[in-house]
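The values are calculated or read from the model by the stated rules, or taken from the named source; none is laboratory data. Quick caveat: nothing in here was measured; it's all calculated off a predicted structure. Quick reminder, even Gly has a Cβ in these numbers, built from the backbone with ideal geometry, and neighbours come from all protein chains shown.
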Amino acid sequence: TRTQVVIVGAGPAGLMISQMLANRGVDSVAIDIRTREEIENTHRAGILEAQAIKMMDAENVSDRYKTDGYEHDGTIIRVNGVSHRINFKELVGESVWLYPQTDVFIDLANARQKAQGDVRFGVSDVEVVDPYSDNPGVKFVDADGNAQEVRGDFLVGSDGSRSICRFLIPEEGRTQFFREYPFAWFGIMAEAPMSADELIYATNERGFALISQRTESIQRMYLQCNPSDDMYQWSEDQLWEEFQSRLEGSDGFQLKTGKIFERTLLPFRSFVQEPMQHGRIVLAGDAAHTVPPTGARGLNLALSDARALGERLAAAAKGNDVSKLDGYQEAALKRIWRAQNFSYWMTTMMHSLPDENPYDYKRRQGELEMVLGHKSGQTHLAEAYSGWPNEEDG
Ligand code: DHB
């Protein structure tokens, strides 16, 4: 098969790029080793920044978020049992939407399907061929077991955190920036009513907890733990007790509980690979960068990469002109490093270290007080959390 752009990885980054290309009259073929069902059933984060929502509208993806999502004008940061509300609307004039990544994926997959876009899920034995030529492509075995080869003028590596495409950037010319954190999150899904109107990011001497939501009757919550903790062994009562203990305060806040029907462990890592382009190969989304989950930047960054790339790649493909990709990296990396800093900052400010030195604990409390107790601090947090404006819009 011959196309204009070969997209390796059909998660939110790859599908949004194929949607943007199609909207600009450019053909693509996207492949993914996972089946559609596998992707739809892998729970990820749930918050979309303002720019991501604008993109769903602008690229005609879906407006289902308006009926199935929840607009949040702020969030709660709860420190040692005292809640502080960060009012995004008032501070920076933006809101965010609680709308899970799995729904964004479903909307994108449906939009591509409706437009008869070529997306092949569940392929295997993927091998990139002639990556440095004028017609890079992939060989793979499709879901029906047939050997396939697709060639294009450009190749997008949007194949997630276990990317094979990131290694196409020649080793001597690439740098990988990486850090780990000495804790993890234990995530649960529960059949329970909402405990609050907005998300609660809570921290006290027992550690961090995040009370997020999915629907009126399904909730998503996370608990800071040690990466080696076997929380899968904890009883539901033990888990609920631990959640409540991290939220406990003199206002009498009581978490609403229910049946826990899913458990997952989330590692904490920060990662960026530069450069994100080499000739006709470009990287987007987790293939090029990872953030720890605090602050829900991962999906938003994948979509902002797509936003920085879509228009340029369409122009490059139409004129078969590599130079039209100029500016992609600069635009993408600026947001990526900002988000790296924000995720790192939210993470380190809100988590206790395993053997936290009393000085470090007190310093962290000072930081929290400074951010939450002052408008400048709250504004900084609100701006970063709701997503910075798109400077490229001019
Ligand atoms: C969710 C996850 C996050 O990491 C976050 O910061 C907010 C929400 C979620 O899964 O709902």
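When the test is whether a residue is more than 21 Å from GLU356 (Cα to Cα) and surrounded by fewer than 17 Cβ atoms within 10 Å (Cβ to Cβ), ASP229 does not pass it. If you go through region 336-384 and keep only what is among the hydroxyl-bearing types (Ser, Thr, Tyr) and touching a Gly at 6+ places or on another chain (Cβ under 6 Å), you end up with SER343, SER352.
Residues that are in contact with a helix residue (DSSP H, G or I) (Cβ under 9 Å, 6 or more places away or on another chain), touching a residue at least 40 places away in the same chain (Cβ under 8 Å) and not hydroxyl-bearing (Ser, Thr, Tyr) within region 316-332 comprise ALA316, ALA317, LYS318, VAL322, LEU325, GLN329, ALA331, ALA332, listed in sequence order.
Residue count for region 49-71 satisfying the condition of being in contact with a helix residue (DSSP H, G or I) (Cβ under 8 Å, 6 or more places away or on another chain), within 16 Å of the ligand (Cβ to nearest atom) and farther than 14 Å from ILE106 by Cβ: 3.
Does GLY46 qualify as being farther than 30 Å from ASN146 by Cα and crowded, with 17+ Cβ neighbours inside 10 Å? Here the answer is yes, as GLY46 does meet what is asked.
Comparison of ILE188, ILE169 shows that the only residue that is of a type in the set (A, V, I, L, M, F, W, C), outside the structural domain of LEU21 (by TED's automatic domain parsing) and either away from the ligand (no atom under 16 Å from the Cβ) or surrounded by 14 or more Cβ atoms within 10 Å (Cβ to Cβ) (or both) is ILE188. As an exercise: evaluate ARG36 against (1) surrounded by fewer than 23 Cβ atoms within 10 Å (Cβ to Cβ); (2) under 21 Å from VAL126 (Cβ atoms); (3) over 19 Å from the mean Cα position of the chain (by Cα) and give the number of the one condition it does not meet. Condition not satisfied by ARG36: (3).
Pairs meeting the criteria (first residue in region 337-358 and within 16 Å of the ligand (Cβ to nearest atom), second residue in a helix (DSSP H, G or I) and of a type in the set (Gly, Ala, Ser), beta carbons under 6 Å, at least 6 apart or on different chains) are PHE342/ALA384.
For region 273-287, the count of residues that are under 30 Å from SER195 (Cβ atoms) and β-branched (Val, Ile, Thr) is zero.
Conditions (1) in contact with a helix residue (DSSP H, G or I) (Cβ under 6 Å, 6 or more places away or on another chain); (2) of a type in the set (Ser, Thr, Tyr); (3) without any contact (Cβ under 8 Å) to a residue 24 or more places away in the chain, marked per residue:
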residue	(1), (2), (3)
ASN204	yes, no, no
GLN213	no, no, no
LEU239	no, no, no
SER245	no, yes, no
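Of everything in region 182-199 that is among the hydrophobic types (A, V, I, L, M, F, W, C) and in a strand (DSSP E or B), the residue that is farthest from ARG263 (Cα to Cα) is ALA184. Of the residues that sit in region 210-225 and are assigned to a loop (DSSP other than H, G, I, E, B) and either in contact with a Cys (Cβ under 6 Å, 6 or more places away or on another chain) or of a type outside the set (Gly, Ala, Ser) (or both), which one is nearest to the ligand (Cβ to nearest atom)? Filtering region 210-225 for residues that are assigned to a loop (DSSP other than H, G, I, E, B) and either in contact with a Cys (Cβ under 6 Å, 6 or more places away or on another chain) or of a type outside the set (Gly, Ala, Ser) (or both), the one nearest to the ligand (Cβ to nearest atom) comes out as ARG214.
Tell me whether region 173-180 contains one or more residues that are away from the ligand (no atom under 16 Å from the Cβ), of a type in the set (S, T, N, Q) and assigned to a strand (DSSP E or B). Yes, region 173-180 has at least one match. For region 241-256, the criterion of being surrounded by 13 or more Cβ atoms within 10 Å (Cβ to Cβ), of a type in the set (Phe, Trp, Tyr) and away from the ligand (no atom under 16 Å from the Cβ) is met by at least one residue. I need the full set of residues from region 288-308 which are within 22 Å of GLN19 (Cα to Cα), without any contact (Cβ under 8 Å) to a residue 60 or more places away in the chain and within 13 Å of the ligand (Cβ to nearest atom), in order please. Within region 288-308, ARG297, LEU301 qualify.
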